[in-house]
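All remarks here apply to the structure that follows.
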Amino acid sequence: MRLLPETSRNRRRLAVATLVLLAVIFAGSFALDEPIRRHLETQMNASLVGYTARIRAVRFHPFGFAITLKDTVITQEKHPKPPVADFPRLDASVQWRALLSLRLVANVRFDRPSIHVDRTHIVAEANDKVDVEDRGWQDALQAIYPLKINELVIRQGEITYIDDGKSAPLHVDQIDFRATNIRNIRSRGQEYPSEVQMTGRIFDSGRMALDGNADFMAEPYAGVKGALTVTDAPLDPFKSILERYNLTIAKGRLSLASNIEYAPKVKTLDVSDLTIRELDAGYINRPARAAEAEKLREKTAEAAKEVANDPGILLLVRKVTASGPRVRFVDEGADPNYELKLANAKLTVANLSNHAKRPPTTGTVSGLFMGTGPMDASFTFRPETTGANFDVALKIENTDLVPMNDLLRAYGDFDVTAGRFSLYSELKVHDKRIEGYVKPLFADLKVYDRKQDKHEGVFHQLYEGLVGGVAKLLENPPRDEVATKATISGPLDDPKLSTLQVVLRLIQNAFFRAILPGLEEARANA
């Protein structure tokens, strides 16, 4: 019975000693925080190339052998402001669950990380001789914790890209990401052993999700394979980027369903369905920016050639549907400027691909030309082997001519007060040649109006009268129509032109010159 009090006292002494030891360890851990911070910062910067890391504070947790980094900032050395990355909190610890597989590995978690990139960062990276995969990002992350990372978690991350000071930033936030089995503890035979899930918000209203697998041990960079979906992402944030190519977009929303595979040996983007709605976009011919647009076009064409028919790269869009209130073409090089528009536009496209062996790209376009005349078009585009290679059939009917007055003034130096317009055309471009026809029809055409033109000079009035007279001579009496047909046949004036350039030249030349019947004769008589 006397042993009990002694045992009790021993237990109390042991408890007190344990508490004192724990208190000493806990207090001592604070003394280690600053040396650990300096060591980690040095190790990270030794791994990084062209970038610098700064850590404000480190907290070491001895009981769980865990570590917390607070306010880690990474800057690009050539453009240090603003920082390219800000990590308010990073936690690394032992993954105790992996001990069941007799593996000692780590969990890493980022809370509210922020990536900020602007155009100066991109340009500096592009001009640098060091490749992105050689920057040492994986080594810098590995330097934070002595154990190999097996699970990576990101909570409420965000990525911001600013193209220039005038445009709104491209912002992706609410990013939640989880990658498990990074060290391939559970399944050694899988090609992509790590499970990966990611969700996020795109441009404040759209959503994105990735569900798949990854191989983080691949060299020289990690590989990923999975299903990627985007829902209702607005397109107007891309306005400043598209303007470099003379494209403009006022609004539009994009959704897509796809499968991706991005790895050192294979790169695949297979889009099963891409939908754009509420589209309000166009192409603007800007002579003042022609040189800049041409340089960008050449770079884009060169990049397209590099991936064309590459067996390791597959870009495939199986189905595209687009609809919206307006698609337009604006020519700022004409005098006066004019605009052609398609209201209630609908577009379908099938089989967009970078491989020649794939089926040709086909599609249809419909809407109201100039807001009044029903338009239907179909097209087939084949891979460019010896130049542009496509067929197009176009039908426009019963369009009010008055909204086209700017076009008539630009190409014919006259306008109309009444009239209806139709157009039928079939064209084929192949082997550096163009074949086909353009047939415009005019009805109820009224060119000269004394009241409308009373402020015009007498010679201009005479000219408009002559145009109206020529139209009368060309009328088909039974149908009260002006009808001409222009046959187009011969080599392309520049066989090096891309498909887009050929289409634009057809719009600017072949169609418009055929639209104005007897224009040259009328001009000669004036």
Please state the relative contact order of segment 343-426 as a whole percent: Cα pairs under 8 Å, 6+ residues apart? 22 percent
Flagged as over-length at 29 Å C-alpha distance, from Lys267/Lys428; Lys70/Lys267; Lys319/Lys428; Lys395/Lys446; Lys357/Lys432, the pairs are Lys267/Lys428; Lys70/Lys267
Please list, ordered by chain and number, the residues whose modelled amide H lies under 5 Å from the amide H of Ala106; skip anything fewer than 5 residues away on the same chain. Gln95, Lys148, Ile149, Asn150, Glu151
For Ala218, list long-range residues whose amide hydrogen, built 1.01 Å from N in the peptide plane, is under 5 Å from its own amide hydrogen. Gly223
Whole-Hz ³J(HN,Hα) from phi, Karplus 6.51 cos²θ - 1.76 cosθ + 1.60, for segment 365-375, glycine and proline x: 9, 8, x, 10, 5, 6, x, 10, x, x, 10
Taking K and R as +1 and D and E as -1, what net charge do the other residues with C-beta under 14 Å from the C-beta of Ser205 add up to? 0
Proximal charge balance of Ser272 [Cβ under 13 Å; K/R count +1, D/E count -1]: 0
Normalised by the number of residues in segment 400-448, what is the relative contact order in percent for Cα pairs under 8 Å and 6+ residues apart? 37 percent
Determine the order of Glu292, Glu219, Glu261 by accessible area, beginning with the largest, at a probe radius of 1.4 Å. Glu219, Glu292, Glu261
³J(HN,Hα) computed for each position of segment 221-233 - Karplus, 6.51 cos²θ - 1.76 cosθ + 1.60, integer Hz, glycine/proline x: 8, 5, x, 9, 8, x, 9, 10, 10, 10, 10, 6, 7
Determine how large the accessible area of Val117 is when every protein chain is in place; take a 1.4 Å probe and give Å² rounded to the nearest 10. 40 Å²
Give the accessible surface of segment 185-282 per residue, rounded to a whole number of Å², with probe radius 1.4 Å and ligands, DNA and RNA excluded. 48 Å²
If each K or R counts +1 and each D or E counts -1, the residues other than Lys357 whose Cβ falls under 14 Å of its Cβ total +1
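The values are calculated or read from the model by the stated rules, or taken from the named source; none is laboratory data. Please read these numbers as outputs of a predicted model, since none were measured by experiment. When we count neighbours, we look across all protein chains shown, and the Cβ atoms used for this are built from the backbone with ideal geometry, even at glycine. For accessibility, only protein heavy atoms count, side chains too; no ligands or nucleic acids. Shrake-Rupley method; radii C 1.70, N 1.55, O 1.52, S 1.80 Å.
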